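Let me begin by presenting the structure, written as structure tokens, before commenting on it.
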Amino acid sequence: MTASSSGIVAGLTAAALATVGYLTHEAADALPAGLGRAAHASAAPAPGTSKAPRVKQDPTALPADSGKGARVVYSLRRDRVWLVAGDQAVSRTFTVEPSAVDPAPGTYSVTSRSNAVTGSDGVPVEHVVRFASVDGVVVGFSAAVNESAAPSRKARTGGIRESRADGDAMWTFATIGRAVVVVR
């Protein structure tokens, strides 16, 4: 009896493997051209076809690693600022002209503000929002009264320049103690 039951099990196993093999073959034949594993490994795209389009990151999208809560986010690589409300909604985003001195990535707080001063490069600025210091150079956002005045790249200044309209928005949003998150 043992010999016959093991023969039945062997026969059922063989039948099951044959069925799986047949179904696999049928499924592979039903795939559109280029979807099989072998096609990816060895075949080039057919003439007249192109690669899938690359997904490009929206330059205005809030960086994923920029913290939580109400904050100012400043991206060093994008030269962009986001004003983010407590509900994570971006109320405004804009580009800036970076200064010669960059703060290290991290979380800071607005430490002081000035309505109107002369910048360390001699340019009259308004709505100055300071948040960091790097080797004795104070870093903050400001708007040049004469908007055509870019920050000096030669002088060791920490003034991150924004337009006057963006400076108004920053001034309203970035009060003393507001978080400023600097990301790459």
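The values are calculated or read from the model by the stated rules, or taken from the named source; none is laboratory data. From a predicted model like this one, the values you see are computed outputs, not experimental measurements. In this analysis, Cβ positions are derived from the backbone assuming ideal geometry, glycine residues included, and neighbour counts consider all displayed protein chains. Just so you know, the surface numbers come from the protein's heavy atoms only, side chains and all, with ligands and any DNA or RNA stripped out. Shrake-Rupley method; radii C 1.70, N 1.55, O 1.52, S 1.80 Å.
Some points to look at:
- Among the residues of region 138-149, those identified as of a type in the set (A, V, I, L, M) and either in contact (Cβ under 8 Å) with a residue 60 or more places away in the chain or outside any loop (DSSP other than H, G, I, E, B) (or both) are Val138, Val139, Ala143, Ala144.
- For region 150-181, the tally of residues that are open to solvent by 20 Å² or more (accessible area, probe 1.4 Å), more than 17 Å from Asp79 (Cα to Cα) and outside any helix (DSSP H, G or I) stands at 8.
- Of the listed requirements (1) over 17 Å from Leu62 (Cα atoms); (2) within 24 Å of the chain's Cα centre (by Cα), Val182 misses just one: (1).
- Residues satisfying the stated conditions in region 120-172, i.e. more than 22 Å from Trp82 (Cβ to Cβ) and hydroxyl-bearing (Ser, Thr, Tyr): Ser120, Ser133, Ser148, Ser152, Thr157
- Every condition in (1) under 14 Å from the mean Cα position of the chain (by Cα); (2) open to solvent by 40 Å² or more (accessible area, probe 1.4 Å); (3) of a type in the set (A, V, I, L, M) is met by Val81 except one, and the failing one is (2).
- Residue in region 64-77 that is farther than 15 Å from Val180 by Cβ and β-branched (Val, Ile, Thr) present: no
- Applying the criterion of at least 1 residues that are more than 20 Å from Phe173 (Cα to Cα), modelled with pLDDT under 70 and in contact with a Lys or Arg (Cβ under 9 Å, 6 or more places away or on another chain) to the strands (runs of 3 or more DSSP E) found wholly in region 1-110 leaves an empty list.
- Checked against the criteria, Val138 does not count as closer than 24 Å to Lys68 by Cβ, buried (at least 17 other Cβ atoms within 10 Å of the Cβ) and not charged (D, E, K, R).
- Residues satisfying the stated conditions in region 119-137, i.e. closer than 19 Å to Thr107 by Cα, assigned to a loop (DSSP other than H, G, I, E, B) and either among the aromatic types (Phe, Trp, Tyr) or in contact (Cβ under 8 Å) with a residue 12 or more places away in the chain (or both): Asp135
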